[in-house]
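Data block below; observations after.
Just so you know, all these numbers are worked out from the coordinates, no wet-lab data involved. Values in this document were obtained by computation on a predicted structure and should not be read as measured data. Backbone-built Cβ (ideal geometry, glycine too); neighbour counts: all protein chains shown.
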Amino acid sequence: MSNAASSPIRHAVVLAHPDPNSFNAMIARAYCDAVEAAGQEVILRDLYAMTFDPVLKNEERPVRKGVTLAPDVRAELDMLRDTNVVTFVFPIWFGMPPAMLVGYIDRVLGAGTTVRQVQDRSAEGPLGKGHLCAITTSGAAADWLEAQGQTEALRELAGTYLFRAFAMRSSEALHIGDVVEGASSAFIEDSLQRVRKRAASICARVGQELYGTPLPPQLGDGS
């Protein structure tokens, strides 16, 4: 994570959707626009556009001595070390994140991290003391997912496990359901506005934490 005394607040948005014109891509752009509007920096990592390789190699496993990290993993780690907030944007497919995102977590976020470090919250990875946000979408309605226990499972993944595993400072999630073809323009704009509000809220809170910037009055979080 970056040094607040000398660096601007920086966000990394990790998008995991194969369609560059998808609703998820629109969400990622809306988040980025809101961060820039708040005067903070943002970098977008479109994993499919980057043709990121999600397959963990045997030599990358932390149980082995002398872990060897591939150049693409090192590049991502270098980028994340200068980042204060990491936001994942991805759809829920068959109750799970896309394999592309799981591979990114395996290869990049978990690089060199052992089970003992996860249990002790002693991992010294790129996200340590940073902030995590997960913005997810589904074709199913949010209340249906809640009834299936899927919403809680997602909260456990992003809000508990990753938060604890990588010793992060905070985590939060925003889910948008009923994302189907032919969705109305009003639904799309309302959803993107929720994303913008959440991004603005995160920017304000991190700014207060790092620089003591006063929070705007009546700040909403896009829930």
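Sorted ascending by nearby beta carbons within 10 Å, beginning with the fewest, Val89, Val115 become Val115, Val89.
Couplings for region 88-100, taken from phi via the Karplus curve 6.51 cos²θ - 1.76 cosθ + 1.60 with θ = phi - 60°, read 8, 10, 7, x, 9, 10, 6, x, 9, x, x, 4, 4 Hz in order; Gly and Pro are left as x. Bridge orientation summary for the chain: considering DSSP beta bridges with both residues in this region, about 5 percent are antiparallel. Annotation: amide H-H contacts under 5 Å for Ser171 (H modelled 1.01 Å from N, sequence separation of 5 or more, or interchain): Leu132. Within the shell defined by Cβ-Cβ distances under 13 Å, the residues around Val14 carry a net charge of 0, with Lys and Arg each +1 and Asp and Glu each -1.
Take the chain and mark each of the GluC sites (Glu not before Pro) that is in a DSSP loop with at most 14 other Cβ atoms within 10 Å; the longest unmarked stretch, sites excluded, is 1-123. Amide H to amide H distances under 5 Å link Arg45 with Val13, Val14, Leu15, where only residues 5 or more positions off or on other chains count and H is placed in the peptide plane. With R₀ fixed at 45 Å, the C-beta to C-beta distance from Val180 to Asn58 puts the FRET efficiency at about 0.65.
Given R0 = 35 Å, the distance between the Cβ atoms of Val67 and Glu209 translates into a calculated FRET efficiency of 0.60. FRET efficiency for the pair Thr51 and Trp93, taken as 1/(1 + (r/R0)^6) with r the Cβ-Cβ distance and R0 = 25 Å, rounds to 0.80. Our summary of shape: the Cα atoms of the chain have principal axis extents of 54, 42, 31 Å, ordered from largest down, in whole angstrom. Computed extension length for Arg29-Thr160: 44.5 nm, one decimal, from 0.36 nm per residue of separation with the Cα-Cα distance subtracted. Computed over the chain, the per-residue total of -39500 (n - 2.57) for DSSP H runs of n ≥ 4 gives a 222 nm mean residue ellipticity of -10500 deg cm²/dmol, rounded to 500.
A crude spin-label estimate for the pair Ala37 and Arg169, with each label 7 Å from Cα along the Cβ direction, gives 2.4 nm. Placing a label point 7 Å from the Cα of Asn21 along the Cα-to-Cβ direction, the residues of region 167-205 whose backbone N falls under 13 Å from that point are 182.
Label-to-label distance, Gln193 versus Arg116, with points set 7 angstrom from Cα along the beta-carbon direction: 5.3 nm.
Using the Karplus relation 6.51 cos²θ - 1.76 cosθ + 1.60 with θ = phi - 60°, the per-residue 3J(HN,Hα) values for region 140-146 come to 6, 5, 4, 5, 5, 4, 4 Hz, with x marking Gly and Pro.
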